[in-house]
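Okay, structure first, notes after.
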Amino acid sequence: MARCCGRATSRFNRKMQRHAGNVMVFAGLYTATDQIILLTPQTAQSVLVNSTAATVVEFYASWCGHCIAFSPIYKNLARDIKEWKPAVDLAAIDCSEENNRKVCTNYSIKGYPTIKFFNAYSKPDSKGKPLRGYSRDVRDLRQAIIDQLEKHEEPWPPACPPLEPASEAEIDSFFETNNVQHLALIFEQSKSFIGKEVTLDLLQFENIAVRRVLSTEEALVSKLGVTDFPSCYLYYPGGNFTRLQVKFEARMFYSYALQRLPGVVRSGKPAPNKNILKSNRTDEPWRPFNASRVYMADLESTLHYSLRVEVSAFPVIKGDALKSLKKYISVLAKYFPGRPVVMNLLKSADSWLHNVSRSEVSYDAFRALLDNTEQAPDTALPEGVRWVGCQGSQPHFRGFPCGVWTLFHVLTVQAMNSGASDGLVVLSAMRDYVHVFFGCRPCAEHFESMAQESLTEVSHSSTAVLWLWSRHNRVNNRLAGALSEDPYFPKIQWPSPEMCSVCHTVKVNGDHKWDLDQVLVFLTSYFSNTSILTDYLDDETVILAKQSEKLAKKRIEREVKEATTASPLSSLPTVQEGEEEEEEEEEEEAEGRKARQRRAHNRPVIVGMRMRQPPEEIVDLDSFVNQHYKAKALAAASRVKRRTLQRKEEQEPAPVFGLGLGLDVGLGMVGLEPVEPDFERPKRKLVQKRELPHQIYNVETEEGHRKGWVTMFSIGFSKVDISLCVILYFLSSMCLLAMYLFFKNRLRIRRAKVSLP
């Protein structure tokens, strides 16, 4: 019957599932995220033979219905005894796989599921000890493993502490032979497993030791005045002791409280020291925060990083990526409890994405929307990250992963508070975002496996809140003790008893149990928009001012770049176009320049007056470029080859003459003003006005202001020349006026004579 049931369900659970257009293959019932060692013919020997840890192995077939039903229990067991790993490992092997059949046959497996216990340092011919007589319950399985550990023959697993009861003599001399800070004594009845379980739970922690004392140890019980069984006491050198205060006298509450004692740290992790933490952060100052509150700075930092960093990995957003981005932005625009300027931007982005008719969009266009290049009023998303509640002791700890969890917890709660009927709207958007954009690909795969396992069970917005919370705790359990764990912020099952005591309770058998109703109340309050703190945020006016300043700077840089790119100077030839050709051209230009200089000095002056010295004008290149004669002036300048640093020697360029009043350069008038710096003239102070590719224009300024209106013409006449011109103009005007009056009177006389009879 089991086989029939197993075959009926095998098609649903077997090899292949689809999500977001990508095919994901899963072989067997377990993955690496389940904290279970997956055995293969290549690894079975190394794990089961001569290992320093005892190993519990499940032999199963993925088509077996009972195996499928048992797999969630086995996964929960792996999470429950995760801290026992140095002493006990959990493994599994799929015997339905053809490659694994020989391994299962060698260990005499004839039915599924079969669970066997392998002692530490097992021999190659060991078949393991079958675990029988237990109900399909995590607690019974846990206690069955402890029974096998107590029966373990020598050699004992080196990482496993003693599980037998301690005597008064051992306790009195304990600190003489052990260098620990705390000794926890758990007083219990002989059939209780709490002391043994807590001893193994503290296996990976330093500066603490746990010993169980039976109620029959009357001398020690009387000395400490123990009246409750179970109960836990902290014993110190000199016979001092104190009772450990917990809400329930149960395994989970003992383990949690002992792991949080001063000086107790996970093996290999530094002891937390908040004073050192604050003084050692040289990259940015430590921001004091309330661990029981959510900070808007973390949420806005998460938005910045996800949209400006994570999404930027896709230069062209199309297909599933575009669908995921639309869902993500839509959920943010609908449920993010942000400030008005941020909400305006999210709504603008949501509208823009939904109005896109193309099958793809460029990230540059999306980024321009985020940066508000159109400068829509009161619209901005702050740039940069400023972690507060998610800050870590080191830059690589916490930060963005913490911010992502916090953001989606907030969104699920806001969706529930807004009365959303679809419980999957936020989780579906989160799933797609993580699957496509989240940079940690193993993390994305782990989240996807959790979603495929049970996301279909979510039917209401309240169940969505609890689903995300439970999966977050599952990830915390998996990452506890990993290299990514911040020693100052250990991964715990959240909320802790200190944060929400009513969230924790116990079952009839003494195991820990979450009160889901109280957990939901806590989550609703903790992630409510009214509970979010706005500390460490810039004012909205400051954000808008920074945005405008940045856009203005970018616009100026773009205009300068366009101007320099369009300028004829950018096309000036260089020495790389031909050294010999340039030298010939320069010789011809040098001869022509000398000839022009001679003609300029020998030109006749008006009415015998001498040539004036060139006026000392300041040439403003900005106004010069904007005039309509820009092309002509630059064309003349382009005839002068500017040598780069690669040239062996500099050639003196010919003078280039600039004219005011729109006069052409080639008119050849007297008094043209040379604008080239190498033209001979009195020494003056040089002012560099603008730097362009391949050319630097230097213009002159003089000490003090120029006097007189004559210089405004800039055409080369002296003061005497101008005075003479004015006199001649006046005389000619008077002459014309006299001629006009003369002929007018003469014409009048003639008309009078004609009219006589």
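Values in this text are rule-based calculations from the coordinates and carry no lab data. What you are looking at is a predicted structure, and each value in this text was computed from that prediction instead of being measured. A quick note on method: Cβ atoms are made from the backbone with ideal geometry, for glycine too, and the neighbour counts reach across all protein chains shown.
Summing +1 for each Lys or Arg and -1 for each Asp or Glu among the other residues whose beta-carbon sits under 12 angstrom from that of VAL388 gives 0. Sorted ascending by nearby beta carbons within 10 Å, beginning with the fewest, CYS735, CYS390 become CYS735, CYS390. Other residues within the sphere of radius under 14 Å centred on the Cβ of VAL221, judged by their own Cβ, net out at -1 (K and R +1, D and E -1). The range 159-238 and the range 440-492 have Cα centres lying 34 Å from one another. Taking a ≥ b ≥ c as the square roots of the eigenvalues of the alpha-carbon gyration tensor, the range 285-483 is classed rounded because a/c is under 1.5. Here is the list for the range 189-231: trypsin sites (Lys or Arg not before Pro) lying in DSSP coil, each with at most 12 other C-beta atoms within 10 angstrom of its C-beta, are LYS191.
This ranking places CYS500, CYS725 by how few other beta-carbon atoms lie within 10 Å of each, fewest first, which gives CYS725, CYS500. Here each label is just a point 7 Å from Cα along the line to Cβ, and for ILE722 and THR40 those points are 9.4 nm apart. Ordered by the count of other Cβ atoms within 10 Å of each Cβ, fewest first, MET734, MET430 give MET734, MET430. For SER167, what is the net charge nearby, where nearby means another residue's Cβ is under 14 Å from its Cβ and Lys, Arg count +1, Asp, Glu -1? Here the count lands on -3. Cα centroids of the range 50-103 and the range 400-428: 34 Å apart.
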